[in-house]
């Protein structure tokens, strides 16, 4: 649309024709109040707060429905308008209780703000207010009817935004009331049968909808608000944690993203919004445990636990060699921790026996894209794509943000979504075309697309640009085939779906027995040459390590934030000859077998960076705190220190003074200079002062890991920064996909909306939601069988 | 719907005639949900009120959620969710009728029937409702009994009206050929 110029309050503004006046004004810094208007949702024009005076129009106009055109003149603040808004508020307050001092929304309530601005706090009504008791619709959602101002935001958010349509409005005028989709009966009140995302609570401008986990706990101004990244799935939503001081550190009381920063805007799913309470689980480990002479785990000091662990590690390394030790990394720790873990394994222990619980085959993805740039799609790309081909998976359950962005893109930008799946998934309702892969399966996809006979393949072929999103259904050679198919066409980009919050980071940071950070083969000549004692032969994968343990060949196993005993359904007795060190939040099945258990901090209690499955890096900030636990980063540094290593060779920190001669013959590449200092200097960065500072590792990651060239201004501002696996081309030891990966190593988690592996098990809120939805399902099955 | 059920003809709560009428009605509009309000009215005329089963079947027929059906149905005061009497007596008490004695008429109905507003007599024959304007101001005070109007009323006419409806029930009971409801 061409730009038009119009006047608001005497200021000349320019915006594309057809822009809503309220949006144009907000962009220009002119605030127009509105309760019912919500960006991205359909227009309601129900609240009459946004009224403005338009020249030559007899009555006040609603700014949320007025589109701008050339030469219009508006006035947004005048005594007349203030009077109109005051009258609106007075009517809204007619039934609204003045219980702000106890209301959850008090202090961040849009109605409260407007009442302070325009007055009408004193009512001229003499009638008694309608009072109804509050209702609990689910473990997450409570409804306080008298506070509701009938703005319809929740209804539209649930229907249009979430495509759930679980909220409605009954009756009319002053009797109108928001209702959930399960009717009340004599036995129980009204219930919500939905995805329990809590978006309705989030968009409620007043305190009518309140959250089961936050209500009546605190006031907004008593919390610190820390912006970090959700730890539950691999989409990497930004989440703002409301944190309050507690007896043993600081506790998280709320999670939302009202500042709309990050890729997800204001979106969070049930896990992100309510599933943070695992950090306060009574089962949380807060003291190191060491197995005593009687074979029992007993609490110990950090010093003792580190001494026992490092003593044994050192002894086994020195007597049986580094390859008698195995290391298992985590899908939930930060990039810095993963990087440090593999560096610890490879340089301190001296083994390539390092792996993680793979939920998808990122290594094949990186290999298949080797030598190509600009072929991976970030989440922001997907949010704005014209056409998306979604193959397999069930994003609504496993990648709620991806599902949200696809829905929003289809709704607002008329994007074309194509779905090829062996099941019917909910997103099919937004799809332009679907391809049923029930017969033939995913192997048939490419043949079917290339045939050009079906409407589906014709539509795909007609797209000028396409983003292909696929998941663990494609592994090894299948990934290569699919990507080769896309690379033949211009303008095809890819996204590969994994499961946990930093699965991609674990793969990118080289938690592989055969791959270094950046998917560089350990056999590649000259790779990571500055690592001291880097073993050249590939190590054992996780199943191979466990086999070695069963055979009695594995002296020690260090497990960081993983649970191979449960994940691989192991017989616990195979680990009896292995000295087991576990860093974890909880006494998992694996930790229960350990000789030393070190209590780790959760992602909400540390800082660093994480990479979501689309390759978008985001910064993690420490929000909560728990006495007794330590971040995995610090634990690893302490383990290295305990083994007598000069820690500065592991984590580059402090000024080391060896800047060397930067002349042609004896420059940074000569091997004599401190390469890290030279690099820092060249990039205008300061050396980090603490060995426990993850940013020191981030510097080294940026220096050494291909693809991790970071836009630090954006990263540190809290934005997502896209990276691509920049695997080197064939000339530097390229290994074909088929030779690289064993697809059977990949075990997808298939988490649902309310499960999140080990973390979800310890979240009371998620357990309750899962139970509630299971009950609703049982009830509706019962109703159906009764109707039959 | 269970998959087993979906294949066979789904069970209906409506008479075959009404079901056939709905089948045609749904196809009449470009968007099937446009048929919602006429369906609600016809369903109420036949069943007497909008039971849960009626709401569920209408939702299924036009492929919207039951919640959406209720969103619309609860908006209209002429749509009921509880059974009314066979003859639903709606007494207008808006201004014209009120000025010409609607409340006296209403009170007389209450006495004669022994029920209050929204009440149903024990035999299920009559229900009484106080309603807003029914558009018969020229002949105020007026009442509407199902789809029939009675106007220029006086309290003394009330027993006669009730009696006439009772008589109609008895006539039908005696005449098997007239048993079918015509005035609904």
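The values are calculated or read from the model by the stated rules, or taken from the named source; none is laboratory data. Only a predicted model underlies this, so the values are computations on that prediction, with no experimental measurement involved. Cβ: placed from backbone, ideal geometry, glycine included. Neighbour counts: every protein chain shown.
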Restricting to the stretch B:1-23, what's the tally of residues that are at pLDDT below 50 and within 12 Å of another protein chain (Cβ to nearest Cβ)?
7
Kindly list the number of the only condition in (1) assigned to a loop (DSSP other than H, G, I, E, B); (2) closer than 24 Å to residue B:73 by Cβ; (3) more than 14 Å from chain B (Cβ to nearest Cβ) that fails for residue A:184.
(3)
How many residues are within 17 Å of residue B:162 (Cα to Cα) and in contact with a helix residue (DSSP H, G or I) (Cβ under 6 Å, 6 or more places away or on another chain) if we restrict to the stretch B:93-115?
5
Regarding the stretch B:140-155, can at least one residue be identified that is more than 24 Å from residue B:82 (Cα to Cα), assigned to a helix (DSSP H, G or I) and in the same structural domain as residue B:97 (by TED's automatic domain parsing)?
yes
Which members of the stretch A:487-498 meet the condition of being more than 24 Å from residue A:704 (Cβ to Cβ) and either touching a helix residue (DSSP H, G or I) at 6+ places or on another chain (Cβ under 7 Å) or surrounded by fewer than 24 Cβ atoms within 10 Å (Cβ to Cβ) (or both)?
A:487, A:488, A:489, A:490, A:491, A:492, A:493, A:494, A:495
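Quick test for you: out of A:389, A:401, pick the one residue that is more than 23 Å from residue A:478 (Cα to Cα) and crowded, with 17+ Cβ neighbours inside 10 Å.
Numbers: A:389 fails: more than 23 Å from residue A:478 (Cα to Cα).
The unique qualifying residue is A:401.
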Could you please give the count of residues in the stretch A:246-279 that are in contact with a strand residue (DSSP E or B) (Cβ under 7 Å, 6 or more places away or on another chain) and assigned to a helix (DSSP H, G or I)?
6
Does residue A:230 qualify as being surrounded by 23 or more Cβ atoms within 10 Å (Cβ to Cβ), under 25 Å from the mean Cα position of the chain (by Cα) and at pLDDT below 95?
no
Is it the case that some residue within the stretch A:46-54 is out of contact with any helix residue (DSSP H, G or I) (no Cβ under 8 Å at 6 or more places or on another chain), in the same structural domain as residue A:73 (by TED's automatic domain parsing), modelled with pLDDT of 95 or more and over 26 Å from residue A:383 (Cβ atoms)?
yes
Among the residues listed as A:103, A:158, A:151, the single one being outside any strand (DSSP E or B), surrounded by 21 or more Cβ atoms within 10 Å (Cβ to Cβ) and within 14 Å of chain B (Cβ to nearest Cβ):
A:158
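Output the helices (runs of 4 or more DSSP H) that fall wholly within the stretch B:30-112 and possess 1 or more residues being within 14 Å of chain A (Cβ to nearest Cβ) and either under 16 Å from the mean Cα position of the chain (by Cα) or in contact (Cβ under 8 Å) with a residue 24 or more places away in the chain (or both), or say none. If you could, list the steps in order and put the result at the bottom.
Numbers: elements: B:36-47, B:52-62, B:66-73, B:95-99.
The qualifying helices (runs of 4 or more DSSP H) are B:36-47, B:52-62, B:66-73.
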Which of the numbered conditions does residue A:195 fail, given that it passes all the others? Conditions: (1) within 14 Å of chain B (Cβ to nearest Cβ); (2) under 26 Å from residue A:780 (Cα atoms).
(1)
May I ask you to list the residues in the stretch A:226-245 that are part of a loop (DSSP other than H, G, I, E, B) and touching a helix residue (DSSP H, G or I) at 6+ places or on another chain (Cβ under 6 Å)?
A:230, A:231, A:232, A:234, A:235, A:237
Output for the stretch A:488-521, where each listed residue is touching a strand residue (DSSP E or B) at 6+ places or on another chain (Cβ under 9 Å) and part of a helix (DSSP H, G or I)
A:503, A:504, A:505, A:506, A:507, A:508
Among (1) surrounded by fewer than 21 Cβ atoms within 10 Å (Cβ to Cβ); (2) within 31 Å of the chain's Cα centre (by Cα); (3) outside any loop (DSSP other than H, G, I, E, B), residue A:528 falls short only on (3)
What is the number of the single condition among (1) exposed (fewer than 15 other Cβ atoms within 10 Å of the Cβ); (2) at pLDDT 85 or above; (3) under 28 Å from residue A:375 (Cβ atoms) that residue A:722 does not meet?
(1)
Just to be sure I understand, how many residues within the stretch A:106-132 are surrounded by fewer than 19 Cβ atoms within 10 Å (Cβ to Cβ) and within 22 Å of residue A:143 (Cα to Cα)?
10
Picking from A:165, A:137, the residue that is within 14 Å of chain B (Cβ to nearest Cβ) and on the phi > 0 side of the Ramachandran plot would be A:165
Mind listing just one residue for me: the one in the stretch A:28-47 that is surrounded by fewer than 18 Cβ atoms within 10 Å (Cβ to Cβ) and touching a strand residue (DSSP E or B) at 6+ places or on another chain (Cβ under 7 Å) and, of those, nearest to residue A:267 (Cα to Cα)?
A:45
Out of all the residues in the stretch A:403-417, is one or more assigned by TED's automatic domain parsing to the domain that holds residue A:479 and under 28 Å from residue A:545 (Cβ atoms)?
no
Could you identify the single residue in A:259, A:283, A:248 that is surrounded by fewer than 19 Cβ atoms within 10 Å (Cβ to Cβ), within 19 Å of residue A:404 (Cβ to Cβ) and in contact (Cβ under 8 Å) with a residue 24 or more places away in the chain?
A:259
If we keep just the residues of the stretch A:168-179 that are more than 8 Å from chain B (Cβ to nearest Cβ) and within 25 Å of residue A:779 (Cβ to Cβ), which is surrounded by the fewest Cβ atoms within 10 Å (Cβ to Cβ)?
A:177
Residues that are under 20 Å from residue A:263 (Cβ atoms), at least 3 per element: which helices (runs of 4 or more DSSP H) completely within the stretch A:379-470 meet that?
A:379-384, A:395-398, A:400-413
Tell me whether the stretch A:322-337 contains one or more residues that are free of Cβ contacts under 8 Å to residues at least 24 places away in the same chain and outside any helix (DSSP H, G or I).
no
Residues that are in contact with a helix residue (DSSP H, G or I) (Cβ under 6 Å, 6 or more places away or on another chain) and not in a loop (DSSP other than H, G, I, E, B), drawn from the stretch A:192-222
A:199, A:200, A:203, A:209, A:211
Select, from A:695, A:715, A:759, the only residue that is at pLDDT 85 or above, within 21 Å of the chain's Cα centre (by Cα) and outside the structural domain of residue A:647 (by TED's automatic domain parsing).
A:759
